[in-house]
Structure formats: C-alpha cells, structure tokens
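Colleague: Can you read through this structure? Questions will come right after.
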Amino acid sequence: MTYGETFQDKQLIEDYMTSNITFLNEFREYLKERVQLEKKYAKESADLVQKYSQKFEKKSRQSICITSPNGLGLNTNSVADVSSLNTITENSDPSPTTPTSPQDVNKDYYTYINAWRSILNQMKSVNESRNKFSQKLSDIIIEKLKAIINIREDERKI
C-alpha cells in the first residue's frame, strides 16, 4: 500500500461520528421523555388545582355574616365579595370587623381565603411555566437535534 491511496484513519473517524450520532440520538430521546414528564406533571398539577379550586369555591359560597362595630352587616356569597368587605368597613368605620357570634367566621377566615387563592394562583403559574418549558424544549432543542443528526448521518455517508 502506498501513501495517499487510502485514508488510514477512515475507520477511526467513522467510529467517532457514529458514537456522536448515537449520543445525539440518546440525548434527543432523553429530552423527549423529559418533555413527556413535564407535560404529565403540569396536567396532573392542573387537575389538583382544579379539584381544590372547586372546593375553595364551595367554601367561599357559604354564607358568612360579619358586622362592623357600627352594626353594618355584610353577607358574602363569593370570593369577589371579600374585597368589598374592606371597602365597606373602611368607609363605615376604621376599626376592624368583628364576628357577631361564635358560629360566625372571624377575620382570619379571609386570611385563609387569600392564602388559598395565592397558592392556587402560584400553582397555575408553575403549570403554565412547565408547559411553556416543555413546548420550547420540544420545538427548539429536539427539532434542532433532529436536524443535526440528519446532517451528521449525511456527512458520515460521504
């Protein structure tokens, strides 16, 4: 064999390219599975938020009677009415509202309502972020990896 007639490192280069292509394929498969996990988590989490949102709405619809010291009463039937409580008590009397009897809910109840609302809203936000992340991962990285793999396959054939 004379120098220059055959490329002596051909097999070494082909093995190197094959291992790179294999790595890219495995990484792409990993990312696909990761996307599926992210979507599954976001869906199950959204279901959980929906479940507790419904419970929250049921509890918030319960009639709550709270009066301010000047005798002004307020019957709340929805979460939206909670914000009007502050307006009514602020305009009527600067002192805090007090329950009229032991079976009435105290002011801390509204803290719980706000806490639940905050928790559920944050969870919705996390779900949206996970969905966006999985979509971008799928659209940008996985598709680019597919294109790179195809290019490497073509280069290897040459």
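The values are calculated or read from the model by the stated rules, or taken from the named source; none is laboratory data. Just so it is clear, the structure is predicted and the values come from calculations on it, not from any experiment. For neighbour counting, all protein chains shown are included, and Cβ atoms are generated from backbone atoms with ideal geometry for every residue, glycine included.
Colleague: Name the single residue, out of those in the stretch 1-57 being within 20 Å of ILE151 (Cβ to Cβ) and of a type in the set (Lys, Arg), that is surrounded by the most Cβ atoms within 10 Å (Cβ to Cβ).
Modeller: The extreme case among them is ARG28.
Colleague: Okay, moving on. So CYS65 passes all but one of these: (1) in a helix (DSSP H, G or I); (2) at pLDDT below 80; (3) over 17 Å from ASN121 (Cβ atoms). Which condition number does it fail?
Modeller: Every condition holds for CYS65 apart from (1).
Colleague: Considering only the stretch 70-158, give the helices (runs of 4 or more DSSP H) lying wholly within it that have at least 1 residues that are modelled with pLDDT of 50 or more and over 30 Å from LEU31 (Cβ atoms).
Modeller: Those helices (runs of 4 or more DSSP H) span 108-136.
Colleague: With ILE113, ILE149, ILE158 as the choices, which residue is under 26 Å from the mean Cα position of the chain (by Cα) and not acidic (Asp, Glu)?
Modeller: ILE113 is the lone residue from the list that is under 26 Å from the mean Cα position of the chain (by Cα) and not acidic (Asp, Glu).
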